[in-house]
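Worksheet: the structure to be examined is printed underneath.
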Amino acid sequence: MDDLQTRFDETIAADQRIEPRDWMPEAYRKTLVRQIAQHAHSEIIGMQPEGNWLLRAPSLRRKAILLAKVQDEAGHGMYLYSAAETLGVDRADLTEMLIEGRQRYSSIFNYPTLSYADIGVIGWLVDGAAICNQVPLCRCSYGPYARAMIRICKEESFHQRQGYELLLAMMRGTDAQRAMVQESVDRWWWPSLMMFGPPDGDSPNTQQSMAWNIKRHTNDELRQRFVDMTVPQAEALGVTLPDPEIRWNEERQAHDYGEVDWTEFKAVLAGAGPCNAQRIAHRRRAHENGAWVREAATAYAEKQSRKVAA
Ligand code: 3HC
């Protein structure tokens, strides 16, 4: 055991990758299953708020873009469930734990998409926040997770750009369209900051995840990076971020910003967000309705393997 632990520690200290066949501490494996499962569940649940506007997109072009994005999110979920399965868990079990409330998904997807402008704001802010959080994960010490992130980040960049382009078009439209964008930004700004997790002082996982090179930055560092990236984009778009305390701090060379409502964050994590029950009920229904597909695929695979064995 000591040799194995020593080799693991040396690999992490040398900033090298841990691969599925390598020995790893059970706690390292468990926290990766926890985080990758949350990430995968978030991608799948995240299809719901945007899917809500597929039939109401204002043009064939906008519908095709949104369809491509929602399909991408499904694919991200598949990559991430595959990465989790290299740690010895099964995606069926992870889905069951999600549906039973024993695993998490990102708080951001418990908010409703009330107007079409939300589709642009989600692309700009939510996928923008996801990019801030996910690019460092491309250097995660666990190989399969890091490699899944590389492809996912490329597609997230498209997601963010299409959202921003949609908002630019609306901001060049009518007063009503501009008002719709601003109202959407007002609703999504603070929940987007919550995506980065609780303040560093309240994060039970960050210190160990940083020591293991799973996380490369703390929650607050990435949140700050997102604020600094987004402020000039909001100015270019012509919208106001709903935080009067945002201002450039020359000394810090970063933007100061107001306090996140951590009571709201904790309430949403506890299941009291606007859409928590709806999101899980939808996921349960989809899982039940898809049982026949899984059964058919399993029966076909078993038939094929019997053929090969014969
Ligand atoms: N939503 C739900 N749960 C959250 C959360 C959030 N926004 N932020 C933190 N939590 C949970 C954590 O899971 C942890 O609970 P647990 O121990 O029961 O799992 C607890 O709150 C304390 O948080 P920590 O900061 O200690 O936890 P982590 O070190 O895991 O950091 C995280 C939280 C930054 C979200 C990290 O888990 C992470 O980077 N996850 C992977 C990336 C991810 O999930 N991104 C967002 C969703 S994916 C997405 O946006 C899709 C895109 O296409 C739009």
Inset, instruction - Taking all pairs of distinct Cα atoms, average 1/r, flip it, and tell me the Kirkwood hydrodynamic radius of the range 144-205 in Å to one decimal place. - result: 14.4 Å
Inset, instruction - Straight distance only, please: which lysines reach the Cα of Lys69 with their own Cα at less than 18 Å, same-chain residues fewer than 8 apart left out? - result: Lys154
Inset, instruction - Apply the membrane-span-like helix rule to the chain: whole DSSP H runs, Cα extent along the own long axis of at least 15 Å, mean Kyte-Doolittle hydropathy at least -0.5. List the helices found. - result: 26-45, 60-85, 143-171
Legend entry - Estimated FRET transfer efficiency (Ala296, Asp22; beta-carbon r; R0 45 Å; 0.05): 0.80
Inset, instruction - Figure the gain on full extension for Arg147 and Ser305 (residue separation times 0.36 nm, minus the Cα-Cα span) and round it to one decimal in nm. - result: 53.9 nm
Legend entry - Spatial separation of Cα centroids for the range 1-16 and the range 209-273, in angstrom: 34 Å
Legend entry - Nearby aspartates and glutamates by direct alpha-carbon distance to Lys266 (threshold 12 angstrom, same-chain neighbours under 8 apart not counted): Asp202
Inset, instruction - On the protein heavy atoms, probe 1.4 angstrom, tell me the percent of accessible surface of the range 2-92 carried by carbon and sulfur. - result: 55 percent
Inset, instruction - Would you give the gap between the C-alpha center of the range 49-110 and the C-alpha center of the range 285-309, rounded to a whole Å? - result: 21 Å
Legend entry - Pairs of Cα atoms farther than 17 Å apart, the range 207-310, %: 75 percent
Inset, instruction - Would you compute, from DSSP H runs of 4+ residues alone, the mean residue ellipticity of the chain at 222 nm, taking -39500 (n - 2.57) per run and dividing by the full residue count, rounded to the nearest 500? - result: -20500 deg cm²/dmol
Legend entry - Simple spin-label estimate for Glu100 and Arg56 in nanometres, 7 Å along Cα-Cβ: 3.6 nm
Legend entry - Cut-off 11 Å (backbone N to label point 7 Å along Cα→Cβ of Thr240), residues of the range 170-193: none
Inset, instruction - Describe numerically, in nm with one decimal, the distance between label points set 7 Å from Cα along Cα→Cβ at Glu10 and at Ala68. - result: 4.8 nm
Inset, instruction - Using a 10 Å Cβ count of at most 12 others and DSSP loop calls, identify the longest part of the chain lacking such GluC sites (Glu not before Pro). - result: 101-244
Legend entry - Bins of 10 Å from zero: percent of alpha-carbon pairs in the chain: 5, 25, 33, 23, 10, 3, 1, 0
Legend entry - Proximal lysines to Lys215, defined as alpha-carbon separation beneath 17 angstrom and excluding residues fewer than eight positions away on the same chain: Lys30
Legend entry - For the chain, accessible area per residue (1.4 Å probe, heavy atoms of protein chains only), Å²: 50 Å²
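The values are calculated or read from the model by the stated rules, or taken from the named source; none is laboratory data. Small disclaimer: the values here were computed from a predicted structure and weren't measured. No Cβ is skipped: glycine too gets one built from the backbone with ideal geometry, and neighbour counts run over all protein chains shown. The protein model used for the area step is the full one, side chains on, heavy atoms only, and it has no ligands, DNA or RNA in it. Shrake-Rupley method; radii C 1.70, N 1.55, O 1.52, S 1.80 Å.
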